[in-house]
Amino acid sequence: MKPLIRLFAAVFAAAFALMYLASYLNTSEGYTGENTLTVYNWGDYIDPELLTKFEEETGIKVIYQTFDSNEAMMTKITQGGTTFDVAVPSEYALSKMKDEGLLLPIDPVRLPNLEHINPRFLNLSFDPGNKYSVPYFWGTVGIIYNPDLLEEGKTFTSWNDLWDEKLENQILLVDGAREVMGMGLNSLGYSLNDRDEAHLQEAKAKLDTLTPNVKAIVGDEIKMLLANEEAAVGVVWSGDASEIMDENDKLDYVVPEEGSNLWFDNMVIPKTAHNIEGAHAFINFMLDPEVAAQNAEYVGYSTPNESALEFLPEEISGDKRFYPDPELTEKLEVYENLGKRMLSHYNELFLEFKMHRK
């Protein structure tokens, strides 16, 4: 009987180990269970202290994972395998995720702090009625420049100022088709979501004439290059401009008068989320004015939380470069989902522009 008893004991021990492992995965790794929450966000895009504070207040353990592009984020969520309870896509990615059925509706009843969001940042074209999203940060695309590297008194008010022949080999552009094509379209008075082929070709032809002034088309290194004064002018996102100016306070930033892109990153709940209650709790926590202010001060991007502004230092909340008046933001446009065919066309035109430089 002893061998049989030892066999039963071994089976029991193995079963207990499997039960323990399952419990551990459920509560510690963020795959299932109400005691964990898996958040999928851009790198360095939240104050880590706030994650600890949320855990302490709710008893929910946060598993925080990061991505470096909307495309990478969408691919991972589409493929499945890892469950994410909250994700933070940009507006065009959100629109695509919504169309592909990758999102769960937001329950506003569970988000009492939603009242703190400035109404002008709600009910936008990429998510009418905010059925699937809550704005997290927002910003613009504009021109950053170093007066010390330019002729005295040189400023920028228009996209067309970039075509000044005195700026030869002085401009850095972000490596983005929507941003660069949008700049070309806006400089002609067209929408940055324009689908008219004649307008697109006109914008491309005008961009080709900018070639002598373009020193390079670059990615994240644009921040380092501008801060280190490797170029006098850059076309960048406002969040990057803020970081660059923190490193080198000689630089200034402006949104051109013709208009530009108004971008949003947004909190959403993916369709495969397991902890829906916890997801709403996290989103509502991030909407608390003091939490939103702390997060905005840490990240350096503009918060859509109107009530949070009173908790921010005046040098941040009063900076019109990053918190422009409604008169300017009304001229700005969010990127629309152009569809695969038109987006590919934008990319082709942008690639032709890059090749024209060589």
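The values are calculated or read from the model by the stated rules, or taken from the named source; none is laboratory data. Treat the numbers as computed from the prediction; the structure is a model and nothing was measured. Here Cβ is always computed from backbone atoms with ideal geometry, including for glycine, and neighbour counts include all displayed protein chains. Surface accessibility is based on the protein's heavy atoms, side chains included, excluding ligands, DNA and RNA. Shrake-Rupley method; radii C 1.70, N 1.55, O 1.52, S 1.80 Å.
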key: Residue list for segment 275-322, filter: free of Cβ contacts under 8 Å to residues at least 40 places away in the same chain, surrounded by fewer than 18 Cβ atoms within 10 Å (Cβ to Cβ) and in a loop (DSSP other than H, G, I, E, B)   = P313, G318, D319, K320
inquiry  = Out of E297, E290, E247, E257, I need the residue that is more than 21 Å from M73 (Cα to Cα), within 19 Å of the chain's Cα centre (by Cα) and acidic (D, E). Which one?
reply    = E297
key: Residue that is modelled with pLDDT of 85 or more, within 30 Å of P119 (Cα to Cα), out of contact with any strand residue (DSSP E or B) (no Cβ under 6 Å at 6 or more places or on another chain) and in a helix (DSSP H, G or I), where the choices are L351, L343   = L343
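Identify the residue in segment 176-207 that is polar (S, T, N, Q) and either outside any helix (DSSP H, G or I) or modelled with pLDDT under 95 (or both) and, among all such residues, is nearest to E165 (Cα to Cα). If you could, list the steps in order and put the result at the bottom.
Of the residues in segment 176-207, the ones polar (S, T, N, Q) are 186-187, 191, 193, 201.
The next check asks that each one be either outside any helix (DSSP H, G or I) or modelled with pLDDT under 95 (or both); those that pass are 191, 193.
Numbers: S191: 25, N193: 28 Å.
Only one residue tops the list, namely S191.
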query = Mind checking whether some residue in segment 162-179 is surrounded by fewer than 16 Cβ atoms within 10 Å (Cβ to Cβ), out of contact with any Phe, Trp or Tyr (no Cβ under 7 Å at 6 or more places or on another chain) and among the aliphatic types (A, V, I, L, M)?
reply = no
Matching residues in segment 234-269 - criterion: being of a type in the set (D, E), within 12 Å of F156 (Cβ to Cβ) and either crowded, with 23+ Cβ neighbours inside 10 Å or at pLDDT 95 or above (or both) = D252
ask   = In segment 59-101, which residue that is closer than 22 Å to D127 by Cα, of a type in the set (D, E) and outside any helix (DSSP H, G or I) is farthest from the chain's Cα centre (by Cα)?
value = E100
remark   = When segment 116-156 is checked residue by residue, the ones that are farther than 28 Å from M181 by Cα, open to solvent by 10 Å² or more (accessible area, probe 1.4 Å), touching a residue at least 60 places away in the same chain (Cβ under 8 Å) and not in a loop (DSSP other than H, G, I, E, B) are H116, D148
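Out of curiosity, is D107 in contact with a strand residue (DSSP E or B) (Cβ under 7 Å, 6 or more places away or on another chain), at pLDDT 95 or above, among the charged types (D, E, K, R) and within 30 Å of E290 (Cβ to Cβ)?
On the way: in contact with a strand residue (DSSP E or B) (Cβ under 7 Å, 6 or more places away or on another chain): no; at pLDDT 95 or above: yes; among the charged types (D, E, K, R): yes; within 30 Å of E290 (Cβ to Cβ): yes.
Considered against the rule, which asks whether it is in contact with a strand residue (DSSP E or B) (Cβ under 7 Å, 6 or more places away or on another chain), at pLDDT 95 or above, among the charged types (D, E, K, R) and within 30 Å of E290 (Cβ to Cβ), D107 comes out as no.
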inquiry  = Return the residues of segment 52-83 that are under 25 Å from G300 (Cα atoms), crowded, with 18+ Cβ neighbours inside 10 Å and modelled with pLDDT of 95 or more; say none if nothing qualifies.
reply    = F54, V62, I63
inquiry  = Being open to solvent by 10 Å² or more (accessible area, probe 1.4 Å), of a type in the set (S, T, Y) and touching a residue at least 12 places away in the same chain (Cβ under 8 Å): is that true of S191 here?
reply    = yes
message = Which count do you get for residues in segment 303-358 that are over 20 Å from N123 (Cβ atoms) and among the β-branched types (V, I, T)?
response = 1
task = Report whether or not I217 is touching a residue at least 24 places away in the same chain (Cβ under 8 Å) and within 18 Å of V180 (Cα to Cα).
result = yes
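Among the residues of segment 92-114, how many are open to solvent by 10 Å² or more (accessible area, probe 1.4 Å) and in contact with a helix residue (DSSP H, G or I) (Cβ under 8 Å, 6 or more places away or on another chain)?
Summing the residues that are open to solvent by 10 Å² or more (accessible area, probe 1.4 Å) and in contact with a helix residue (DSSP H, G or I) (Cβ under 8 Å, 6 or more places away or on another chain) in segment 92-114 gives 13.
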request  = Please state which of the following conditions T272 fails to meet, knowing it meets all the rest: (1) open to solvent by 60 Å² or more (accessible area, probe 1.4 Å); (2) more than 30 Å from D85 (Cβ to Cβ); (3) touching a helix residue (DSSP H, G or I) at 6+ places or on another chain (Cβ under 8 Å).
outcome  = (2)
